[in-house]
Amino acid sequence: MKSPFSEITPSLAWARKRKFAFPAGGRTFISVVIVVALAFPFTHTTHAQVQRSRRQGAHSKPVNEVLSLANRNLVEHAITATCMQRVQDPFGSLPIDEMQARPSMPLGHPDAAAGARRAQRLLPEARKLVATALIQLAHEYRIHESQRDKLRIQTAIARVHRVTRVKPDMAARDNASVFLRDPRTIHFGTIFLAGLRSDEAMISVLAHELTHIADGQSDTLHQLFRVVGRRAAGRTGLRVEGQRAEELACDLVGAQAVQAFVQNTPSWEPLGRRLARALEHNCVVEDEGDEEHLSPRNTIRALFTLDLSFASQLLSDAQ
Ligand SMILES: [Zn+2]
């Protein structure tokens, strides 16, 4: 289902990979939701407003954790290396602004069909990688200390393991999304399926969507999203809260999943090239963000900032 918003506001169309959801009953913002839902049935915008209204009170204090000049340089070099790799790699991803400019692609198009097969084949592996990444991040961000914290992560992982299907969708174009009323399916636009030409790129996007599903209707991973957002904001000076923090954390899980995937599946291909594929779809020329997403290039920047070893690994090999 395509959001009418993406037609009304084309600048939002790049912002793929969202969590679509329908409001659950019994929440305090239900009247707001009804108004929005009547105006724009079946849109994720409804959900986005839900998220905002829910999280406005939870602004986190910026953490003053400034990066050293050496690490800032490392991050900038890693961004350049990622996007250089994209150009040189025969299996490099299309940037999302280029995907957006393409005409719609029918389900039967060979590239879309190949992408759909790739996504479905990699889904079981992506589920395992996301489960592991969530546990690792819970340790790294110290949100595993109480029984309640552990239970949250377990609940999130159980949701991930229930996802069984990738559904190609021509109208979704360059987007992938999950509808929380159908938490077993990832909806994937055909242009996006065709534009991700490597297993690594596909794992990255599958992991992103699986993390939205892991969060579920009850915002189970809210705590993780918030601490990831705080750290990213502290280190980059960017505003990373609310839905932006969730989107970035989903990408961080994707980046971790790809690193583990690359380690687990030896190949003759250079390590740096394979790692770069996790992020290459963000190598845009038109670098615009919105309320809910950092711009694509700032997304790469924030991810390397959060995971400096990813940056140095990619860079050492790329050089
Ligand atoms: Zn998303």
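The values are calculated or read from the model by the stated rules, or taken from the named source; none is laboratory data. Note that the structure is predicted; figures quoted are calculated from it, not measured. All Cβ positions, glycine included, derive from the backbone under ideal geometry; neighbour counts span all protein chains shown. These area figures cover heavy atoms from the full protein model, side chains too; ligands, DNA and RNA do not enter into them. Shrake-Rupley method; radii C 1.70, N 1.55, O 1.52, S 1.80 Å.
Working from label points 7 Å from Cα in the Cα-to-Cβ sense, the Ser267 to Ser146 distance is 4.2 nm. Spin-label pair Ala113-Arg72: with each label point 7 Å from Cα along the Cα-Cβ axis, the two points sit 5.2 nm from one another.
Taking only alpha carbon atoms, the stretch 126-274 gives an Rg to Rh ratio of 0.97, where Rh is the Kirkwood radius.
The phi-based Karplus calculation (6.51 cos²θ - 1.76 cosθ + 1.60; θ = phi - 60°) puts the 3J(HN,Hα) values of the stretch 80-96 at 4, 4, 4, 6, 5, 4, 4, 5, 7, 7, x, 10, x, 6, 6, x, 5 Hz, whole numbers, x for Gly and Pro. Among the trypsin sites (Lys or Arg not before Pro) within the stretch 216-319, those in coil by DSSP and having at most 16 neighbouring Cβ atoms inside 10 Å are Arg239. Counting only protein heavy atoms and a 1.4 Å probe, the stretch 184-319 has 29 square angstrom of accessible area per residue.
Can you tell me how much longer the chain between Ser218 and Ser316 gets when fully stretched, taken as 0.36 nm per residue apart minus their C-alpha distance, in nm with one decimal? Before the final figure, lay out the partial values.
Values: separation 98, 0.36 × 98 = 35.28 nm, distance 4.08 nm.
Gain on stretching Ser218 to Ser316: 31.2 nm.
For the stretch 135-220, the list of GluC sites (Glu not before Pro) that fall in a loop by DSSP and count at most 16 other C-beta atoms within 10 angstrom reads Glu145.
Which of the three applies to the stretch 263-319, rounded, prolate or oblate, going by the alpha-carbon gyration tensor with a ≥ b ≥ c and a/c under 1.5 meaning rounded? Mind dumping the intermediate values first?
Working: a/c = 2.50, a/b = 2.03, b/c = 1.23.
Note, shape of the stretch 263-319 comes out prolate.
When the Kirkwood radius is taken over all Cα pairs of the stretch 57-152, what Stokes-Einstein diffusion coefficient follows at 25 °C and 0.890 mPa s, in µm²/s? All intermediate terms of the calculation are to be shown ahead of the outcome.
Working: Rh = 18.3 Å.
After rounding, the answer is 134 µm²/s.
Panel note: the C-alpha atoms of the stretch 184-266, placed on their principal axes, show extents of 33, 29, 23 Å (largest first).
Counting Lys +1, Arg +1, Asp -1, Glu -1, what net charge surrounds Leu67 among other residues with beta carbon under 12 Å of its beta carbon? Let's see the in-between values first.
Details: positive: Arg72, Arg231, Arg235, Arg301; negative: Glu65, Glu76.
Surrounding charge for Leu67 is +2.
Shown here for the stretch 257-304: chymotrypsin sites (Phe, Trp or Tyr not before Pro) in loop regions (DSSP other than H, G, I, E, B) with at most 14 other Cβ atoms within 10 Å, namely Trp268. Reducing the stretch 136-185 and the stretch 77-94 to their Cα centroids gives an inter-centroid distance of 28 Å. The H on the amide N of Val166, modeled in the peptide plane, is under 5 Å from the matching H of Ile186, each at least 5 residues off or on a different chain. Compactness of the stretch 105-205, taken as the C-alpha radius of gyration over 2.2 N^0.38 Å, stands at 1.21.
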